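Visitor: The structure's right below; bear with me while I get my questions together.
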Amino acid sequence: MTELLIRPAGPDDLDTVLAFWKTAAEGTSISDDRDGVERLVARDPEALILAEKAGELVGTVIAGFDGWRCHLYRLAVHPGQRRQGIGSALLAAAEERFVRLGGRRGDAMVLVRNETAQAAWRAAGYTPEERWRRWVKPLSVD
């Protein structure tokens, strides 16, 4: 088996990451563009974590920490590479980062319709928080 490399993304990885998400990630985000991902990596160079096998991108997770909460986004594994421990390795790296930064609890954004992802998050020890709803408002940057 090819060894898995877990590392933070750099500026040269961004186009590859955006293309990867179109194949491996469920749904899209308003921030799924080069400017959004560039800002993420510039602001927090360790937040976007990549998994590679033989130099090929096979997984991602965004492990954002705002000093108070630990947020997980874009856990995605290439469809042909699933069920091989890649997602678990990415989550372990994200959780280690959170602990190192003083985080106390991780939370994840999971689409309600994505039952496969829900099963993966449950297997990783996460549970839905039914008391809360996500409220959003797109912000204009005119």
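The values are calculated or read from the model by the stated rules, or taken from the named source; none is laboratory data. All values reported here derive from a predicted model rather than from experimental measurement. Note: ideal-geometry Cβ built from the backbone for every residue, glycine included; neighbour counts use all protein chains shown. For the accessible areas, the whole protein counts, side chains as well, though only heavy atoms, and no ligand, DNA or RNA atoms are used. Shrake-Rupley method; radii C 1.70, N 1.55, O 1.52, S 1.80 Å.
Visitor: Using the Karplus curve 6.51 cos²θ - 1.76 cosθ + 1.60 with θ = phi - 60°, work out ³J(HN,Hα) for each residue of segment 9-23 in order, rounded to whole Hz, and write x for Gly and Pro.
Guide: 6, x, x, 6, 8, 5, 5, 5, 4, 4, 5, 4, 4, 5, 8
Visitor: Same structure, new question: Is it possible to state the helix-based mean residue ellipticity at 222 nm for the chain, with each DSSP H run of 4+ residues giving -39500 (n - 2.57), the sum divided by total residues, to the nearest 500 deg cm²/dmol? What is it? Before the final figure, lay out the partial values.
Guide: Details: 4 runs with 46 residues, N = 142.
Result for the chain: -10000 deg cm²/dmol, rounded to the nearest 500.
Visitor: Also, quick follow-up: Name the residue farthest towards the positive end of the dipole of segment 1-85 from the options HIS78, ILE30, ALA19, assuming +1 on Cβ of Lys and Arg, -1 on Cβ of Asp and Glu, about the Cα centre.
Guide: HIS78
Visitor: Hey, what did segment 63-142 get for relative contact order, percent, Cα under 8 Å, at least 6 apart?
Guide: Working: 54 pairs, mean separation 23.7, N = 80.
That works out to 30 percent.
Visitor: Separate question: What ranking of HIS78, HIS71 comes out by heavy-atom accessible area, probe 1.4 Å, highest first?
Guide: HIS78, HIS71
Visitor: Considering only the other residues whose Cβ falls under 11 Å of the Cβ of ARG7, what net charge follows from Lys and Arg at +1 and Asp and Glu at -1? Please list the in-between numbers first.
Guide: On the way: positive: none; negative: ASP13, GLU46, GLU52.
Neighbourhood net charge equals -3.
Visitor: When the Cα atoms of segment 19-142 are enclosed in a convex hull and the volume is divided per residue, what value in Å³ results? Present the calculation step by step, with values, prior to reporting the outcome.
Guide: Numbers: hull volume 16.6 nm³, N = 124.
Convex hull volume per residue, Cα atoms: 134 Å³.
Visitor: Can you tell me the dipole magnitude for the chain around its Cα centre, using point charges on the Cβ only (Lys, Arg +1; Asp, Glu -1), in Debye to the nearest 20?
Guide: Working: 20 positive and 21 negative charges, 126 e Å.
The calculation lands at about 600 debye.
Visitor: Please report the relative contact order for segment 1-89, taking Cα pairs under 8 Å with a sequence separation of at least 6, and give it as a percent rounded to a whole number.
Guide: Numbers: 128 pairs, mean separation 27.2, N = 89.
RCO, segment 1-89: 31 percent.
Visitor: Return the FRET efficiency for the residue pair TRP132, THR23: r is the Cβ-Cβ distance, R0 is 35 Å, and the value is rounded to the nearest 0.05.
Guide: Working: r = 30 Å, r/R0 = 0.87.
E between TRP132 and THR23, to the nearest 0.05, is 0.70.
Visitor: Show me the ranking of peptides 14-23, 58-67 by mean Cβ neighbours inside 10 Å, starting with the highest.
Guide: Values: 14-23: 15.0, 58-67: 20.5.
Packing proxy ranking, top to bottom: 58-67, 14-23.
Visitor: Follow-up question, since we're still on this one. At a 1.4 Å probe radius, carbon and sulfur cover how many percent of the accessible area of the chain?
Guide: Values: 5100 of 9890 Å².
Of all accessible area on the chain, carbon and sulfur atoms account for 52 percent.
Visitor: Show the residues, 5+ positions off or on another chain, whose built amide H is closer than 5 Å to the amide H of ALA108.
Guide: The list, which skips near neighbours in sequence, is LEU72.
Visitor: What is the set of long-range amide H partners of LEU48 at a cut-off below 5 Å, with H atoms built 1.01 Å from backbone N?
Guide: Counting only residues 5 or more places away or on other chains, the set is ALA9, ALA63.
Visitor: Give me the accessible area per residue for segment 20-142, probe 1.4 Å, as a whole number in Å². Write down the numbers at each step before the final one.
Guide: Details: 8600 Å² over 123 residues.
For segment 20-142, the solvent-accessible area averages 70 Å² per residue.
Visitor: Measure out, as a whole number of angstrom, how far apart the alpha-carbon centroids of segment 76-102 and segment 6-60 sit.
Guide: Between the Cα centres of segment 76-102 and segment 6-60 lies a distance of 14 Å.
Visitor: What distance in nm lies between label points placed 7 Å from Cα along the C-beta direction at ASP12 and ALA123?
Guide: Inter-label distance under the simple model: 3.3 nm.
Visitor: From the phi angles alone, apply the Karplus equation (6.51, -1.76, 1.60; θ = phi - 60°) to segment 124-135 and give each ³J(HN,Hα) in whole Hz, x where the residue is Gly or Pro.
Guide: 7, x, 8, 10, x, 9, 5, 6, 10, 10, 7, 10
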